[in-house]
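One structure is given below, encoded as structure tokens.
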Amino acid sequence: MPVTAYISQSALRHNLAQVKIHSSSKIIAVVKANAYGHNIKYVIDALSVADIFATADITEALTLRAISNKKILILADFYQKSDIDIITKNNFAVVVYNSQQIKWLLHTTKEINVWLKIDTNMHRLGLSIDEFNNYIDKLTQKNNINIDAIISHLHSSDNDEKSVLAQLDLLNKTTINYSKIPKSIANSGAIMTLKQSHLNYIRPGIMLYGVSPFAKADNNLKPVMTLVAKVIATRKIAKGAKIGYGQTYTVDKDTNMAIVNIGYADGYPRSAISGTPVLINNNICQLMGRVSMNLICVDIKNTQVTIGDNATLWGNGLAVEIIAKYSDTIAYDLLTRVSAKVVYKICQ
Ligand SMILES: *Cc1c(COP(=O)(O)O)cnc(C)c1O
């Protein structure tokens with residue numbers, strides 16, 4: 001049996017309901033990166049009460065268009081004039097974030113829905129304030145260009161409320177003469193902590209999948225993905241033995257070990273250190289030694305484990321935020337790296 005990612009529909013609904021408890025703004029459900037690794041086609045039904053779906057690129061937007069009639073916003077993939085044809089033909093909306101795109105737009109007669117992005121000092125994508133002031137009237141004067149909203153993106157909503165307030169303030173000040181145009185800046189971190197940032201549209205991503213944007217898991221969210229592999233061998237290892245590639249881990253007593261059929265080829269992080277928790281039969285066990293391509297070694301202590309038992313790597317009973325910490329990364333990274341060889345199953 002390959003590794004299985006169970007995708008909980010009730011957890012998705014629960015998390016979207018949590019979003020609605022936090023905010024009454026319109027909801028852009030962010031489903032980029034194949035729905036944060038959850039598989040776009042297994043999440044959109046449960047997220048159907050959202051107002052808009054957002055994808056990273058045109059390819060994902062086309063995948064989504066084939067299975068959904070909802071409004072689709074493309075966040076970051078408009079880098080040639082010909083993209084305008086695909087965007088308009090499929091009735092996508094597109095984030096516009098630099099002056100080159102605007103020059104193309106000013107020369108098209110096609111009707112296009114634009115989300116104009118301002119850089120409020122994340123210094124990645126977005127028009128500078130000067131560029132915004134220079135172009136906004138030219139764009140609004142063109143009848144075929146619909147400015148659906150003016151947006152910006154937060155750089156530290158997970159750990160720095162002051163910076164969120166400063167970015168929000170800059171967005172509000174810059175757009176003060178355009179109060180009729182809707183605005184959006186809040187991602188999950190800001191949705192959960194700062195009501196005044198919600199504006200007209202909120203853009204939840206990670207929280208929809210039941211994962212906290214902060215370092216610690218949030219009890220009000222329910223994990224959507226549970227990643228499950230199988231115990232394919234058990235054995236006893238004598239005190240002093242070294243385990244696995246590089247022999248990086250030495251057992252300090254006679255140890256019961258299970259071998260589980262997941263590795264970095266499935267998306268389990270190779271950076272996970274010895275001691276990383278693995279849930280087997282509801283008992284917290286511990287990773288020993290290096291993660292191999294298709295296998296891991298687990299200290300099962302004195303618990304009863306039989307070949308064929310399930311091992312949960314993250315999800316129900318074991319927050320992915322914890323595994324991220326042991327792997328020196330963030331939950332976003334782990335979820336989006338689940339590999340194509342993993343089998344996805346919908347569950348309630
Ligand atoms: C990914 C993304 C989001 C969602 O961020 P989360 O932290 O996952 O909630 C919102 N807006 C934009 C522009 C994004 O790229």
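The values are calculated or read from the model by the stated rules, or taken from the named source; none is laboratory data. What you see is a predicted model, and the numbers here were worked out from it, not measured in a lab. Methodologically, a virtual Cβ is constructed for each residue, glycine included, from the backbone with ideal geometry; neighbour enumeration extends over all protein chains shown.
The test for being modelled with pLDDT under 95, crowded, with 16+ Cβ neighbours inside 10 Å and in contact with a Phe, Trp or Tyr (Cβ under 6 Å, 6 or more places away or on another chain) holds for ASP158. Every condition in (1) touching a His at 6+ places or on another chain (Cβ under 6 Å); (2) of a type outside the set (D, E, K, R); (3) farther than 24 Å from TRP314 by Cβ holds for ILE7 except the one numbered (3). Mind checking which residues of the range 51-92 are among the hydrophobic types (A, V, I, L, M, F, W, C), within 13 Å of the ligand (Cβ to nearest atom) and not in a loop (DSSP other than H, G, I, E, B)? Scanning the range 51-92 gives ILE52, PHE53, ALA54, LEU73, ILE74.
Scoring TYR178 on the criteria (1) part of a loop (DSSP other than H, G, I, E, B); (2) more than 12 Å from the ligand (Cβ to nearest atom); (3) buried (at least 22 other Cβ atoms within 10 Å of the Cβ) leaves a single failure, condition (3). When residues in the range 32-50 are screened for being assigned to a helix (DSSP H, G or I), of a type outside the set (Gly, Ala, Ser) and surrounded by fewer than 19 Cβ atoms within 10 Å (Cβ to Cβ), 1 of them pass. Taking the conditions (1) under 20 Å from the mean Cα position of the chain (by Cα); (2) surrounded by 21 or more Cβ atoms within 10 Å (Cβ to Cβ); (3) β-branched (Val, Ile, Thr) in turn, ILE136 satisfies each one other than (1). Any chance the range 141-156 includes a residue that's within 25 Å of PHE53 (Cα to Cα), part of a helix (DSSP H, G or I), in contact (Cβ under 8 Å) with a residue 12 or more places away in the chain and more than 16 Å from the ligand (Cβ to nearest atom)? No, the range 141-156 contains no residue that is within 25 Å of PHE53 (Cα to Cα), part of a helix (DSSP H, G or I), in contact (Cβ under 8 Å) with a residue 12 or more places away in the chain and more than 16 Å from the ligand (Cβ to nearest atom). Here is the figure for the range 189-234: residues that are of a type in the set (A, V, I, L, M), more than 9 Å from the ligand (Cβ to nearest atom), in a loop (DSSP other than H, G, I, E, B) and under 23 Å from ALA35 (Cβ atoms) total 4.
So, in the range 5-21, of the ones that are under 23 Å from LEU194 (Cα atoms) and in contact with a Lys or Arg (Cβ under 8 Å, 6 or more places away or on another chain), which residue ends up surrounded by the most Cβ atoms within 10 Å (Cβ to Cβ)? Checking each candidate, the answer is ASN15.
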